[in-house]
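Heads up, the thing below is written out as C-alpha cells.
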Amino acid sequence: MWNIWILVICSTLLCLCRSSAIEVDYDPKALIIDGQRKLIFSGAIHYPRSTPVMWPDLIQKAKDGGLDAVETYIFWNAHEPIRRQYNFEGNLDFVKFFKLVQEAGLHGILRLGPYVCAEWNYGGFPVWLNNIEGIELRTDNEIYKNEMRIFVTKIVDMCKEAKLFASQGGPIILAQIENEYGNVMWAYKDKGVAYVNWCAEMAAAQNIGVPWIMCQQQSAPPPIISTCNGFYCHTFKPKNTLIPKMFTENWTGWFKKWGQKDPHRPAEDLAYSVARFFQAGGVLINYYMYHGGTNFGRTSGGPFITTSYDYDAPLDEFGNLNQPKWGHLKQLHAAIKVGERVLTNGTATTKVYGNGVELTTYTNSITGERFCFLSNNNQIEEATVVLEEGNIFVVPAWSVSILGGCNKEIFNTAKVSTQTSIMVKKQMDDETAKLSWMWTPETIKDTLLGQGIFTVRQLLEQKRVTSDVSDYLWYMTSFVVNGTSWKDATLYVKSSGQVLYAYVNGHLIGSQSGYAFQFKNPVSLMPGTNNLTLLSVTVGLQNYGQFFDKGPEGLNGGPVVLTDNKNVTIDLSSNTWKYKIGLNGEAERLHDPKSPHARLQFSSEFLELFIGMPMVWYKTEFKAPPGTDPVVVDLQGMGKGHAWINGNSIGRFWPARITDSNGCGTECDYRGKYNERKCLSNCGNPSQRWYHVPRSFLNDDNNTLILFEEMGGNPSQVSFQTVTVGSICANVSEGNTLELSCQGGQTISQIKFASFGDPQGKCGSFQKGSCDADLSISYLEKECVGRERCSIDVSGATFGSTECANFTKRLAVEAIC
C-alpha cells in the first residue's frame, strides 16, 4: 500500500514539476533557460515524414547524438486539407510528438510558418487558398493574413492547451513565424515589408512566453530574432547586436529530384561548418535535416522531389544511424559542450596567422578559464601552428581543432574516429518471398471518348481545377478535319508541367515530362471528327521562390495546335474542352484492399498480356519480413506511379527515371566549400529504386501491396527486403577510443581486417602497411566477435609493439555484422 502511495506522490510531483514555468531569455552570448546559460544543438525531425511508432526511437537517437532540442515544421496543408476541417491524427499528431520530445528530456523548436518550403507539396500551403477570391499569398493582403492568423492561432492554442511552451513548463523554447522570406521579399516590394512587420506583430500578440524567430530575415522587426540558413553561417551577423547568433538550418546534405543523383555532404565538412559557427560566437545550431524521412502520399513538392527525403542526414530515411556522420557530430557536440561555460560567459579575441589560419580564444575573466578554436581555412595545405605557450598543433586543411584549455586538442573536424556503417538490403530467400500478381486495367474509355464532368472554352491551370485532390487532370476536346493532308499531321502542346500523355482517337501517341515544355508528336488524323484527350500529371507542386504559389501547372492556356503537311494550322486552345479530375481507380479506391472494387476487380488471368502496358493496377499479397529491421519494397522494373501497403500510401514511384552516368566519383574530398553538386553517387541508376515500408503499416499475417502503373512496367522483379548494417569499418589514429557497433540487435560475427600501424587503403579495401602489430586481429576478435558493440583503446599498450617509425599510428578495422 505504501508503495502505491509513494508512486502516486512521485507521479504528482513529476506533473507539478513539468507544469512549472521555464523562463527562456537570451543575450548575444547565450540562450538563458531557467537561468542557465546554454549553447543549443538541435535537429529537424518532421513528424509527418515518419510514423508515431518511429518517433520515440528517432528522438532518443537525437538525444544520444548530443542534441539538446528537436525542431519541426507545422504543415498547414496536412492539417487543414479542406477549409476549417482539421486533421491531427496519426502521424499528424504534433502535440504527441512534442510530448515525446519532452519525455526524452529535450527541448523543442516550433517552426510554424505556415509557409514552410521543406520540399513539401506547395510549400505547406493548402491549395484551397487559391480558390478564395482576391487572395494573394505571402504579402500584405488582408484575405491571406486573416487565413494565416486563423491557422497560426489554432496551432498556438493547441500548444497552450497541451502546455507545450516552456513558459507553461513545456518543451518548446523557440517558435518561428514565416520562413526564408528575406530571400524573396524584394519581389513583393513595399507590400513585402508591410507583411513582415505584420507577421511580427501577429506572432508577438500570441503571447506564447518564448522568443520568436525569423530565418533569413535580416530586417526582422524587434522582438523577432533574425537567424541564418545555409551550408555555412559563420560570417552571419545579426543587424541587432543584442540578439544571439543562431543557425536555424545547417543543411546536412541535400534533397533529390527524380532523374538526379544522390548527394552526400561529408561529415568532415559538416563538422567544420558547425565548429566555425561556434568559433564565430554562435549560440544555437539546428541541423536540417537530422532525420529526413519519407514523403508519404503526395506530400513531396518541388516539383519532382523524390519520395525518399533521406537528405544524407545523421539518421537515414529509415531511422538508422548514418555513420560516420552521426558519431562524428556526437563527438563534436561533446567537445564544444566542454567549453560551454567559457563560450557563454567569456570574451573572444582572434589572432590571424595568415594562409587561412585563425586562433579564437574565449576567456572567462572571472575564473580565468580559456577555450580555443584553431581553424585552418586553407583548402589544400595543412598548417603547423606554434601557440604563444609553445604548444604545437598540426591542423589539416579545411578543419578546426577545438582546444580544451587552449593547450590540448580534444577534437578536430577532419579527424574522423567514428566507424563507417555499410548498409545492405537483404531479400528473404524462402517461398513466402515470391509474389503472385493480379491486375486490373485503369478504365479510361470514358475520357478517350471525351466524357468529362464539366465544359469550358479554354485550357485551365491544373491545380485551380483539381484543388490538388489528385495528380491527374484530363483535358478532352473534339475537332473536324477534311482532306488527306491531315494523315501526316503534327500535334503541338505547350505544357507548364509536369507530365503529359496524349491520346488521339483512343490511341496513345506519346508522352513527355519536364518543368515546362512543348510536346511535339506526329499524328495521323481521319477525315471528319477526331477526339483528342490529354492527361496532365503533376509530380508535386512548386514549393519555393517568389510567387511560387501562382504556378502554373498543367496546360494553362496552352496553346494546343495541329499542323498538317501543308502547314495548315488549327489552334484548339479556345475549343470547347471537357474536364475530368483524377482516375476512375482513385474514385473506386482500388488502392484500398478493403474496398469492394479492390476485392472484386483484380484478376490473375492474362496477366502476361498486360505487363508493360500503361494505366494498369497491380495487386499482390505478402508476409512481413521477420525481425525488426526497416523494410523496403524494391520496385525495380516498374515505370512510374503510386504504391500502397494495406491501403497506406508509401508515395510515388518512378524507377524508370534513370540518372545520367557522369559526375560520380569513388573519392569525395571534404575540403573546400560544399554544394549540392559535390560528392554525388548513384550514377546511371534509377533515382529511387527502394521505397520505405514502415513496420507500423504491416500486419502480422497477410499484407497487400497495390501499385498503380502509369506508364508501363513489369512487377515480376518487385520484392521486399530489409535494411541492415552489413559491415562496419574504421581508420582511427592512436590516442582515441574506437567504438564498433552493429545496429538492430545484430552482433559482430567476424573481423575481416585489422591492422595497428600504418594501414593503407579505405573501407572495403584495407591493406597492411610497412608495419603492423601482431595482436591486431586477435585482440579485436577477442573483444568484439559475438557482441553487438565493443570499445577499443587505440594505443600501443593495447596492441603491442609495431616496430614502426616515430609517427602517429592508426588502427584500421573492417568487421562483418
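The values are calculated or read from the model by the stated rules, or taken from the named source; none is laboratory data. Here the structure is a predicted model, which means the values were calculated and not measured. Cβ: placed from backbone, ideal geometry, glycine included. Neighbour counts: every protein chain shown. Areas reflect the complete protein model, heavy atoms only, side chains present, ligands, DNA and RNA absent. Shrake-Rupley method; radii C 1.70, N 1.55, O 1.52, S 1.80 Å.
Within segment 49-72, restricting attention to residues that are open to solvent by less than 10 Å² (accessible area, probe 1.4 Å) and touching a helix residue (DSSP H, G or I) at 6+ places or on another chain (Cβ under 7 Å), which residue is farthest from GLY124 (Cα to Cα)?
Only one residue fits best here, namely GLY65.
Any idea which of (1) over 16 Å from LYS257 (Cα atoms); (2) surrounded by fewer than 21 Cβ atoms within 10 Å (Cβ to Cβ) is the one HIS692 doesn't satisfy?
(2)
Which of (1) within 19 Å of GLY293 (Cβ to Cβ); (2) in contact with a Gly (Cβ under 6 Å, 6 or more places away or on another chain) does ALA656 not meet, given it meets every other one?
So the condition that ALA656 fails would be (1).
To keep it simple, each residue is scored yes or no on (1) part of a loop (DSSP other than H, G, I, E, B); (2) at pLDDT 95 or above; (3) surrounded by 22 or more Cβ atoms within 10 Å (Cβ to Cβ).
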site: ASP629; (1), (2), (3): yes, yes, no
site: PRO655; (1), (2), (3): yes, yes, yes
site: GLU667; (1), (2), (3): yes, no, no
site: ILE706; (1), (2), (3): no, yes, yes
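Among all residue pairs at least 6 apart or on different chains, which show Cβ distances below 6 Å where the first residue, located in segment 259-279, is surrounded by fewer than 23 Cβ atoms within 10 Å (Cβ to Cβ) and the second is of a type in the set (Asp, Glu) and at pLDDT 95 or above?
PRO263/GLU676; HIS264/ASP312
If GLY483 satisfies every condition in (1) open to solvent by 20 Å² or more (accessible area, probe 1.4 Å); (2) in contact with a strand residue (DSSP E or B) (Cβ under 9 Å, 6 or more places away or on another chain); (3) more than 29 Å from ASN131 (Cα to Cα) but one, which is the exception?
(2)
Kindly indicate whether any position in segment 627-639 is touching a strand residue (DSSP E or B) at 6+ places or on another chain (Cβ under 7 Å), outside the structural domain of VAL465 (by the TED database) and among the polar types (S, T, N, Q).
no
Suppose the filter is surrounded by 21 or more Cβ atoms within 10 Å (Cβ to Cβ) and either assigned by the TED database to the domain that holds ASN376 or part of a helix (DSSP H, G or I) (or both); does PHE255 pass it?
no
Show me the helices (runs of 4 or more DSSP H) found entirely inside segment 568-626 where at least 2 residues are open to solvent by 40 Å² or more (accessible area, probe 1.4 Å) and more than 28 Å from GLY558 (Cα to Cα).
Where helices (runs of 4 or more DSSP H) fall fully within segment 568-626 and carry at least 2 residues being open to solvent by 40 Å² or more (accessible area, probe 1.4 Å) and more than 28 Å from GLY558 (Cα to Cα), they are 596-600, 607-610.
What tally of residues in segment 387-432 results from selecting those that are within 30 Å of SER719 (Cβ to Cβ), at pLDDT 95 or above and outside any strand (DSSP E or B)?
1
Are any residues in segment 149-170 part of a helix (DSSP H, G or I), open to solvent by 10 Å² or more (accessible area, probe 1.4 Å) and either over 15 Å from TRP212 (Cα atoms) or hydrophobic (A, V, I, L, M, F, W, C) (or both), and if so, which ones?
Within segment 149-170, ARG149, ILE150, LYS154, ASP157, MET158, LYS160, GLU161, GLN168 qualify.
For a quick check of your reading of the model, give me the residue pairs whose first member lies in segment 778-800 and is among the acidic types (Asp, Glu), whose second is open to solvent by 20 Å² or more (accessible area, probe 1.4 Å) and assigned to a strand (DSSP E or B), with beta-carbon atoms closer than 9 Å and at least 6 apart or on different chains.
From residues that are among the acidic types (Asp, Glu), the pairs are GLU781/GLN750; GLU783/SER791; GLU788/SER741; ASP793/THR737.
Here are the criteria: (1) more than 23 Å from LEU284 (Cβ to Cβ); (2) open to solvent by 20 Å² or more (accessible area, probe 1.4 Å); (3) touching a residue at least 24 places away in the same chain (Cβ under 8 Å). Tell me which single one GLY123 does not satisfy.
(2)
β-branched (Val, Ile, Thr), closer than 30 Å to ASP629 by Cβ and surrounded by fewer than 24 Cβ atoms within 10 Å (Cβ to Cβ) - does that describe any residue in segment 78-91?
Within segment 78-91, not a single residue is β-branched (Val, Ile, Thr), closer than 30 Å to ASP629 by Cβ and surrounded by fewer than 24 Cβ atoms within 10 Å (Cβ to Cβ).
Looking at GLY510, GLY554, GLY558, which one is closer than 26 Å to ARG138 by Cα, touching a strand residue (DSSP E or B) at 6+ places or on another chain (Cβ under 6 Å) and open to solvent by less than 30 Å² (accessible area, probe 1.4 Å)?
On inspection, the qualifying residue turns out to be GLY554.
Of everything in segment 724-740, what is open to solvent by 40 Å² or more (accessible area, probe 1.4 Å) and either in a strand (DSSP E or B) or polar (S, T, N, Q) (or both)? Give them in sequence order.
Of everything in segment 724-740, those that are open to solvent by 40 Å² or more (accessible area, probe 1.4 Å) and either in a strand (DSSP E or B) or polar (S, T, N, Q) (or both) turn out to be ASN731, ASN736, THR737, GLU739.
Of the numbered conditions (1) part of a loop (DSSP other than H, G, I, E, B); (2) open to solvent by less than 10 Å² (accessible area, probe 1.4 Å), LEU435 fails exactly one; give the number of that condition.
All conditions are met except number (2).
Give the residue, chosen from SER719, SER749, that is within 28 Å of the chain's Cα centre (by Cα) and surrounded by fewer than 21 Cβ atoms within 10 Å (Cβ to Cβ).
Of the residues listed, the single one that is within 28 Å of the chain's Cα centre (by Cα) and surrounded by fewer than 21 Cβ atoms within 10 Å (Cβ to Cβ) is SER719.
Which of the residues belonging to segment 748-758 are in a loop (DSSP other than H, G, I, E, B) and out of contact with any helix residue (DSSP H, G or I) (no Cβ under 9 Å at 6 or more places or on another chain)?
Residues satisfying the conditions are SER749, ASP758.
Rundown of residues vs (1) over 30 Å from CYS784 (Cα atoms); (2) modelled with pLDDT of 95 or more; (3) in contact with a Pro (Cβ under 9 Å, 6 or more places away or on another chain), yes/no style:
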{"site": "HIS692", "(1), (2), (3)": "yes, yes, yes"}
{"site": "ASN699", "(1), (2), (3)": "yes, yes, no"}
{"site": "ASN714", "(1), (2), (3)": "yes, yes, no"}
{"site": "ILE728", "(1), (2), (3)": "no, yes, no"}
{"site": "LEU738", "(1), (2), (3)": "no, no, no"}
{"site": "CYS742", "(1), (2), (3)": "no, no, no"}
{"site": "ALA754", "(1), (2), (3)": "no, no, no"}
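Here's a check for you: in segment 113-145, which residue that is of a type in the set (Asp, Glu) and either within 29 Å of the chain's Cα centre (by Cα) or not in a helix (DSSP H, G or I) (or both) is farthest from TRP212 (Cα to Cα)?
Looking at residues that are of a type in the set (Asp, Glu) and either within 29 Å of the chain's Cα centre (by Cα) or not in a helix (DSSP H, G or I) (or both), I get GLU133.
With a cut-off of at least 2 residues that are under 37 Å from the mean Cα position of the chain (by Cα), name the strands (runs of 3 or more DSSP E) lying wholly within segment 487-565.
In segment 487-565, 489-495, 498-504, 507-514, 517-523, 528-537 are the strands (runs of 3 or more DSSP E) which contain 2 or more residues that are under 37 Å from the mean Cα position of the chain (by Cα).
Rundown of residues vs (1) exposed (fewer than 14 other Cβ atoms within 10 Å of the Cβ); (2) touching a Lys or Arg at 6+ places or on another chain (Cβ under 9 Å); (3) touching a residue at least 12 places away in the same chain (Cβ under 8 Å); (4) closer than 30 Å to THR363 by Cβ, yes/no style:
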residue	(1), (2), (3), (4)
MET423	no, no, yes, no
ASP429	yes, no, no, no
LEU448	no, no, yes, no
GLY452	no, yes, yes, no
PHE479	no, no, yes, no
ALA489	no, no, yes, no
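State the number of residues belonging to segment 764-817 that are open to solvent by 20 Å² or more (accessible area, probe 1.4 Å) and in a strand (DSSP E or B).
Number satisfying all stated conditions: 7.
Just one of LEU635, LEU680 is open to solvent by 30 Å² or more (accessible area, probe 1.4 Å), aliphatic (A, V, I, L, M) and either touching an Asp or Glu at 6+ places or on another chain (Cβ under 6 Å) or farther than 23 Å from THR447 by Cα (or both); which is it?
So the residue among LEU635, LEU680 that is open to solvent by 30 Å² or more (accessible area, probe 1.4 Å), aliphatic (A, V, I, L, M) and either touching an Asp or Glu at 6+ places or on another chain (Cβ under 6 Å) or farther than 23 Å from THR447 by Cα (or both) is LEU680.
Being in contact with a Ser or Thr (Cβ under 9 Å, 6 or more places away or on another chain), more than 19 Å from PRO48 (Cα to Cα), surrounded by fewer than 17 Cβ atoms within 10 Å (Cβ to Cβ) and of a type in the set (Gly, Ala, Ser) narrows it down to one of ALA187, ALA194, so name that one.
ALA194
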